[in-house]
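Below is one structure, written out as structure tokens; the observations come after it.
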């Protein structure tokens with residue numbers, strides 16, 4: 001009985017750690033965001049980067065509180081990894097899965113969530 005309880009307790013702790021790891025590191029995500037995303041999405045995530053000025057549709061505004069509330073992390077992850085066409089969005093949104101590891105993408109997602117919190 002004690003072994004089973006210890007195993008279950010360990011699994012719960014591991015599950016918590018895995019969730020925290022999957023959530024990503026926003027500080028590490030900022031570095032990748034600045035390098036790969038800010039050109040179109042802007043330094044503050046408002047879709048106002050210089051590379052996005054001529055795009056139609058405009059890049060996503062990550063500061064949009066409603067979008068932040070209604071969008072799942074998994075959806076953000078998928079569009080970053082596989083590109084806009086993979087989720088029925090603009091083909092102008094590049095797939096970054098070849099340039100970024102899954103861990104990097106989780107970090108970028110965490111940073112995008114921070115951009116939403118920072119918006120006024």
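The values are calculated or read from the model by the stated rules, or taken from the named source; none is laboratory data. The shown structure was predicted, so the numbers you read here are calculated from the model rather than taken from an experiment. As a convention, Cβ positions derive from the backbone with ideal geometry for all residues, glycine included, and neighbour counts pool all protein chains shown.
Residue 105 versus (1) closer than 20 Å to residue 25 by Cβ; (2) more than 14 Å from the chain's Cα centre (by Cα); (3) in contact (Cβ under 8 Å) with a residue 24 or more places away in the chain: which is the lone unmet condition?
Failing condition for residue 105: (2).
Only one of (1) surrounded by 17 or more Cβ atoms within 10 Å (Cβ to Cβ); (2) part of a helix (DSSP H, G or I); (3) free of Cβ contacts under 8 Å to residues at least 40 places away in the same chain fails for residue 61. Which number is that?
So the condition that residue 61 fails would be (2).
Only residues that are part of a loop (DSSP other than H, G, I, E, B), under 15 Å from residue 111 (Cα atoms) and under 13 Å from the mean Cα position of the chain (by Cα): list them for the stretch 64-95, please.
Applying the first criterion (part of a loop (DSSP other than H, G, I, E, B)) to the stretch 64-95 yields 64, 71-72, 83, 88-95.
If we keep only those that are under 15 Å from residue 111 (Cα atoms) as well, we get 64, 71-72.
Selection gives 71, 72.
Within the stretch 100-120, can you find the residues that are within 23 Å of residue 48 (Cβ to Cβ) and assigned to a loop (DSSP other than H, G, I, E, B)?
Those that are within 23 Å of residue 48 (Cβ to Cβ) and assigned to a loop (DSSP other than H, G, I, E, B): 100, 119, 120.
Inspect the stretch 1-22 for any residue being in a helix (DSSP H, G or I), at pLDDT 95 or above and touching a helix residue (DSSP H, G or I) at 6+ places or on another chain (Cβ under 7 Å) and give the result as yes or no. Quick ask: steps written out before the conclusion?
Pass one, the stretch 1-22, residues in a helix (DSSP H, G or I): 2-22.
Then keep just the ones that are at pLDDT 95 or above; that gives none.
Within the stretch 1-22 (the criterion being in a helix (DSSP H, G or I), at pLDDT 95 or above and touching a helix residue (DSSP H, G or I) at 6+ places or on another chain (Cβ under 7 Å)), the answer is no, since none of the residues qualifies.
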